[in-house]
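I have placed the structure first, in the form of structure tokens, so that the comments after it can refer back to it.
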Amino acid sequence: MIFILLAGLIFSACSTRYTMPEREDAVVLRTPPEGVPQIGAKTVSHPTQSPSPSSSLLIVARLTESAEGHLKAGNLDRAFATAERAVRIDASNPRLWNLLARVQLRRGNVRQAEQLARKSNLLAKRDASLQAENWRIIAKTLRKKGAAEAAEDAEFKARAFDAYD
Amino acid sequence: MKKQTKRILTIIFLCGVLGLGYGLSRHFSHFNRIVLEKFEGKLWELPARVYARPLELYMGMPLVPAALEQELRLMRYLRVDHPVDMDVPGKFLRAGNTFTIFCRPFKFEDGESASEKIQVVLQGGKVELLKNLDSSTFPDMIRPDPVLVGSFYPAHHEDRVLVAKKDVPPLLVKTLLAVEDQGFYKHYGIQPSAVLRALIANIRKRKVVQGASTITQQLAKNFFLSNKKTLRRKIEEMFMALALEWNYEKDQILEAYMNEVNLGQDGKRAIHGFGLASSFYFGKAAKDLRTHEIALLVGLLKGPSLYDPRRNPERAMKRRNIVLEIMKKENLIRTDIAEQAIRASLDVTDDPPKGTTQFPAYLDMVRRQLLQEYREEDLRSAGLRIFTSFDPQVQSAAEKAVSSEISRIENARRLPKGKLQISAVVTSTGGNEVLAVIGGRSPRFKGFNRALDARRPIGSLMKPVVFLTALSHSERYTLISQVDDSYLSVSTETGKKWVPKNYDREYHGNIPLYFALAHSYNVATVRMGMDVGLSNVFETLRNMGFEQDVKPYPAALLGTVEMSSLEVAQMYQTLAAGGFYSPARTIRSVFRPDGASLQRYPLTVRQSLDPGPVYLLNKILQTVVVEGTARSLNKTLPEELGAAGKTGTTNDLKDSWFAGFTGNHLAVVWMGRDDNKSCGLTGSSGALQVWGKIMAGLSNTPLELPLPEEVEWAVIDSETGMRTDKACENAMAVPFLMGSAPTETVSCPEGEKREKTAEETKKSGSAFMRWLKEVFKWEKNTQKEPYQWEEDTRQKGH
């Protein structure tokens, strides 16, 4: 349902005036329909767990915690190295890519901060608040690069995702 | 007169003394300068050490007992059979699935691992329990010291691991002094009485037979002088020794001596110092040496080759026991302990750590990356600590796959023995870290590194580049667009006609786009490539990470472009990462010997391809495995893995390729012959088989492609290509770039029935329908060239 809602949101972001959908029965779908053969390997439409083994979540959480601590303390090299350790265990975790983006932003490496935030967004389809945060990072980096218009777009997207958090 | 003569003689004598004093002091200051220069600078050229990725042990981590045991052995941990033998770090005990490991301390870039005893229990291919036996706690993760991949040695091949005096057992120091130089803490570098004794002995025999070197003199000789036994050298040695003592503390001299001395030989590599000798002979740190081991090492000083405990165990035993007698006589050890030590066996490890690497192809790649930024002499002498992403378990899986599959394929296909060559690269899809490299069919053999240096035509591995370029033009190409695989003639730049053929020598008419790639049809690919434009295809290739400059020409669409396995891996990595390019990395960080960080190579990403088309392409690459040219993988890999990849074969079966990825690993395999003759294998019959074996040996996560924002799904009737109801017989789910899905619909009785029910429900939700209609009205307006399936179908039969 959230995807339909988000799709609606994106349409509305394109300055349309559509009323919000109330039921999920669109002909065009955000996720592959159940019970129909697919091109390629089967996509899990509503995965309840991370693609990586759930048992690795604890260790990823610990490493994230530690990296956040280093980031807070301004120990940026260590923060990045620790976050990278976590990425090696679970590269499909969008929060880790966001963490890498934040370390790079703090370091002033706007180019990497932007790219890492975009990578996080690709993986963060089920997490509106994280997408909002990534768009805010992207907006900041774009502003620093002097791309004011693109930055505004990014900020708009951030607000739109905020609304659906 | 007498008085005058006496005065003159006194003056002459004084002048003589002064002159001699002056001469001696000049001489001394000369040697003093040499000594100072040496000691103030770098005392030794230290080899660079290249380490594998550390094994991060955590709860739930996928790990099988055999892999853990193998890695522990590569980490140079000794397996012992009784708990009582777990006395020092560097040992492990295994009882079935339960491992007790006495970890060595190690300094990582983001923290230190302590020396502690841990217990690891594996169950069902996973880490079930981690326990710190010292503190009886259950840590979340444990990171033992990493495997040493290899070293870059100084030109003279001296190898050493520096130790400080405080890091060796006091008994070693005492024994060393008792045997080599009892008066060390009393003399000034030389012992005149001993010199005199030696001098007399030498004069009697009319040649130099006896030395009387103090430890200081021995150090001076090793540092500054040749091995010749001449009087001149002896005198120089004495001056040097005096200069050493003049400038430095006794302990500094002793420490330098302990690190300098030669204690053995391993092929070309010379084993120097007690630090390295401890691990070379006993597999442990110097501080953990036991009495009889200390005696053996000190005894070796007399002649490391003569008393080599591995080659001459009897002589070594005799010499060791002489040292033990001295230790007893000098009251360094109690009599009963001496007796016990004398009865002890030599206890040297059977299988000494080799100085030559077991992983030459990977080390070669590390060296090349380093040489871009460091001078060769610094690599060989500055004692750098280099941390890489090398994964011994992945490498081992790759090596096993190579050795088993090469001979199986040679036998099964009756290929000439020993001619088939191979290269492979395995990377992590997340950050493009290179985990393993295979440079040839004998992975231990250091030679031609095919993974990096054998550039071969990539054949059909090029096709995804063409299809990706096409899919980026969503107004013209979707996954189900009909593409034309009928006779085609292309004019080349030279004015010649080129008629591409399919591998099966047949034309397939109009077929859905995804089908053409899944079955690797050449003619459809060339037609499409020419349609989207050669330069666009080559731009896609560059965006995927291919850096060589190649001129676009039609035959390149079928893979005449030559690449190494590594270059192919780089290219497919960008697909595996959803359109984000990361450069392939082997090195994570470089440290100086003092622990200061010299350089880091952090993970970087750059979105170089639109994620939408990449997603669609990856769906086809999965189809290749499900029902296309790589479907034989279903014998080796589970379907749920959702692996994606592409086979590649070149003309006359000269090259056999497969490139593909799962959720966490990407691998590229090339097979062929060095003489570029036909190897008789297609991508499927050769490289794919090895690829499957490699992947089956790894712990893979399923490939779940993240859905980009601009992709949506529609239910399509596979016969007509129109939209249909999911209840219909030929319904299949197809992803499209937003707005590119077909708009015409076709229904079926099942669908109509379902629709009717839905209609009734919809009455209560009219707001939604209004919205939907408006959405599609908008969508239609944005579609520049509406999809024309029917027209295409009519063209069938060309």
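Since every read-out is calculated from the coordinates, none of them should be taken as a lab result. The structure displayed is predicted, hence computed values, not measured ones. Methodologically, a virtual Cβ is constructed for each residue, glycine included, from the backbone with ideal geometry; neighbour enumeration extends over all protein chains shown.
Points to keep in mind about this one:
- Taking the helices alone, the protein assembly as shown has a mean residue ellipticity at 222 nm of -13500 deg cm²/dmol, built from -39,500 (n - 2.57) per DSSP H run of at least 4 residues and averaged over all its residues.
- Acute angle (nearest 10 degrees) that the helix B:749-762 long axis makes with the longest principal axis of chain B, alpha-carbon atoms: 80 degrees
- Each of B:His30, A:His70 has some number of other Cβ atoms within 10 Å of its Cβ, and from fewest to most they run B:His30, A:His70.
- Each Lys and Arg Cβ is given +1 and each Asp and Glu Cβ -1; about its Cα centre, chain B then shows a dipole of about 5540 debye.
- Inter-site label distance for B:Ser486 and B:Tyr185 at 7 Å from Cα along Cβ, in nm: 10.0 nm
- Placing pseudo-labels 7 Å out from each Cα toward the beta carbon at B:Ala201 and B:Cys15 gives an inter-label distance of 4.2 nm.
- Cα-based helix-to-principal-axis angle, B:687-696 vs chain B, degrees rounded to 10: 70 degrees
- Residues B:Leu617, B:Leu177, B:Leu196, B:Leu379, sorted so that the one with the fewest Cβ neighbours within 10 Å comes first: B:Leu196, B:Leu177, B:Leu379, B:Leu617
- Helix axis angle, B:215-224 relative to chain B longest principal axis, alpha carbon, degrees: 50 degrees
- Between B:Ser115 and B:Arg505, residue separation times 0.36 nm minus the direct Cα-Cα distance comes to 133.9 nm.
- The ranking of B:Ser460, B:Ser565 from fewest to most other beta carbons within 10 Å of each one's beta carbon is B:Ser460, B:Ser565.
- Length gained on full extension, B:Lys677 to B:Gln123, computed as 0.36 nm times the residue gap minus the Cα-Cα distance: 194.6 nm.
- Theoretical FRET efficiency, 1/(1+(r/R0)^6), r = Cβ-Cβ of B:Arg455 and B:Glu69, R0 45 Å, to 0.05: 0.70
- Lone cysteines, chain B (no partner Cβ under 4.7 Å): B:Cys15, B:Cys103, B:Cys679
- FRET E, pair B:Ser718, B:Arg444, Förster distance 45 Å, beta-carbon r, rounded to 0.05: 0.30
- Residues within the reach of a label modelled at B:Arg311 (point 7 angstrom out along Cα to beta-carbon, backbone nitrogen below 20 Å), restricted to region B:261-279, are B:261-274, B:276-279.
- Rounded if a/c under 1.5, otherwise prolate or oblate - region B:57-142, Cα gyration tensor axes: rounded
- Dipole magnitude (debye, nearest 20) for region B:158-343, charges at Cβ of Lys, Arg, Asp, Glu: 880 debye
- Cβ-based net charge around B:Val466, under 11 Å, with every Lys or Arg adding one and every Asp or Glu removing one: +1
- Cα gyration tensor category, rounded, prolate or oblate, for region B:247-352 with a/c compared to 1.5: oblate
- Rounded if a/c under 1.5, otherwise prolate or oblate - region A:59-165, Cα gyration tensor axes: oblate
- Fully extending the segment from B:Asn132 to B:Thr743 would add 213.6 nm, taking 0.36 nm per residue of separation and subtracting the current Cα-Cα distance.
- Rounded to the nearest 20, the size of the Cβ-charge dipole of the protein assembly as shown about its Cα centre is 5720 debye, with Lys and Arg at +1 and Asp and Glu at -1.
- Between B:His156 and B:His82, the simple spin-label model (points 7 angstrom out along Cα→Cβ) gives 4.5 nm.
- Look at the dipole of chain B built from charges on Cβ: of B:Leu43, B:Gly19, B:Asn543, the Cα furthest out on the positive end belongs to B:Gly19.
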